[in-house]
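Every number here is computed from the coordinates shown, using simple stated rules; none is lab data. The shown structure was predicted, so the numbers you read here are calculated from the model rather than taken from an experiment. Cβ placement follows ideal geometry from the backbone for every residue including glycine, while neighbour counts extend to all protein chains displayed.
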Amino acid sequence: MNVLSIVSGTSTDGLSWSCVDVDETSGSIGFEVLQKGNRGFSRELKSLLLRITNQGNASLADIDRAHWLLGRTLLSVPPLLRHSVDMAVFSGHTLHHVEQAGRSGLGTFQIGAVEPLALKLGKPVVTDMRYTDVAAGGMGAPLVPAADSIMFPEGAVVLNIGGISNITLIDREVTGFDCGPGNMLIDGAMKILYGRSMDRNGTVAKSGTVNQHLLSFLMRDEFVNSRPPKSTGRERYSVAYLNSILTKARKYGMTRRDIIATLSAFTSDSILSNIVRFAGGRETLIVAGGGAYNSYILERLRSGFRGSVMTSSAYGVDPDTREAVAFAILCYLSVNLKPANSRATGAKTLLPLGRITLYGFSRKPAVCL
Ligand SMILES: Nc1ncnc2c1ncn2[C@@H]1O[C@H](COP(=O)(O)OP(=O)(O)O)[C@@H](O)[C@H]1O
Ligand SMILES: [Mg+2]
């Protein structure tokens, strides 16, 4: 089954998509990435999404507009496809996520209209997977662990460095949790201090020096030190939080590049600290997500991790594709009515996830568009 999988992460850097052939032979699921790509957001959509998620005081009209603009952006993917697809899945864009969301039965909210995509493809589109997990007592995140156990070997720690960092532990029962900020603070500081969207390849961080006082302060972070299961988002590592760090950094007389180096060290060290405390004894660390391209972060992980560190490319999945491939697998599991969540979210029940647009099931469109 060919699945077009589109994801939009908390980095708000745009859509990552993959066309994945997912199949099952004698009970074991295999996959092949047929095509992949990234699609940036328009300036309007990016600033709208950041304004809604950073400030939390958006109007209903803002959310409505972002929902449909995002839906329109999804339409830019089908013309790029070189393969026919049987189905599509969209992760939704998280606007709001309460830590421990599912525990109180509320608190995760995604947007992005998929109906125009279903019409354009003429195929069903699966979305809103997180809501099913919340209904089952989970936090709605992280969802990728169930797919990681199909993509990567048993015994490994799989790390995703997106806006937030999270890890999957592939044991007989797969688990996983968010560690803390991934690229979110680095991206935010790069925008404020350099007017750039990211520290490409970690070049700025490599030119700076880590301020140990600020790093120790950051490492006392309540979320980083809390026990799993745990998940977080922009609500915690917000612009207000970043500004308070920048004020502190200025008091220490730090340069711009020292600030980027220290925030990048915080990303790496908070990941390592979570691995040591909650995932000890493992020998293989597989890194994916956009942060895998930041060689400052990767080198710091290499020097701090006891075993070998590699990117997901070693397993045939490029770091910027892993999340989309994972959602394609979760989609496959769900439409085949198999469980697609895992204990990583804290869910009490493991079950198929999401809802499906009905349009693509009709044989012929009633009206030719
Ligand atoms: N070449 C690169 N060098 C450094 N960082 C990168 C590079 N490419 C991507 N990134 C980082 O990865 C982020 C996007 O990662 P992604 O996995 O898409 O996260 P999310 O799932 O949160 O959207 C960018 O915002 C940027 O910080
Ligand atoms: Mg992204």
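Mind listing the phi-derived Karplus ³J(HN,Hα) values for the range 6-18, rounded to whole Hz, using 6.51, -1.76 and 1.60 with θ = phi - 60°, and x for any glycine or proline? Here the 3J(HN,Hα) series is 10, 10, 9, x, 5, 5, 6, 8, x, 8, 10, 9, 9 Hz. Between the range 278-327 and the range 42-87, the C-alpha centres lie 28 angstrom from each other.
First select every other residue whose beta carbon is under 13 angstrom from the beta carbon of residue 76; then total the charges, Lys and Arg +1, Asp and Glu -1. Show your work: numbers first, answer last.
Numbers: positive: 39, 72, 120; negative: none.
Here the charged neighbours net out to +3.
Mean-square fluctuations from a GNM of the chain, with a 10 angstrom spring cutoff on Cα atoms, peak among 356, 259, 29 at 29. Net charge of the neighbourhood of residue 335, taken over other residues with C-beta under 15 Å away and scored Lys/Arg +1, Asp/Glu -1, is -2.
Shown in residue order for the range 205-212 are the 3J(HN,Hα) couplings computed by the Karplus curve 6.51 cos²θ - 1.76 cosθ + 1.60 at θ = phi - 60°: 4, 5, 8, x, 10, 6, 8, 5 Hz (x for Gly and Pro). Taking amide H as placed 1.01 Å from N in the peptide plane, residue 179 has its amide H under 5 Å from the amide H of 165, 166, 167, each at least 5 places away in sequence or on another chain. Here the Gaussian network model covers the chain, with springs between Cα atoms less than 10 Å apart; of 236, 43, 196, 43 fluctuates the most. Less than 5 angstrom separates the built amide H of residue 96 from those of 109, all sequence-distant by 5 or more or on a different chain. From its DSSP helices (H runs of at least four residues, each -39,500 (n - 2.57)), the chain gives a residue-normalised ellipticity at 222 nm of -11000 deg cm²/dmol.
Across the range 63-70, computed HN-Hα scalar couplings (Karplus, 6.51 cos²θ - 1.76 cosθ + 1.60, θ = phi - 60°) run 5, 4, 5, 5, 4, 7, 5, 5 Hz from first to last residue, x flagging Gly and Pro. Note on residue 248: lysines with a C-alpha under 24 Å away, same-chain residues under 8 apart excluded, are 191, 206.
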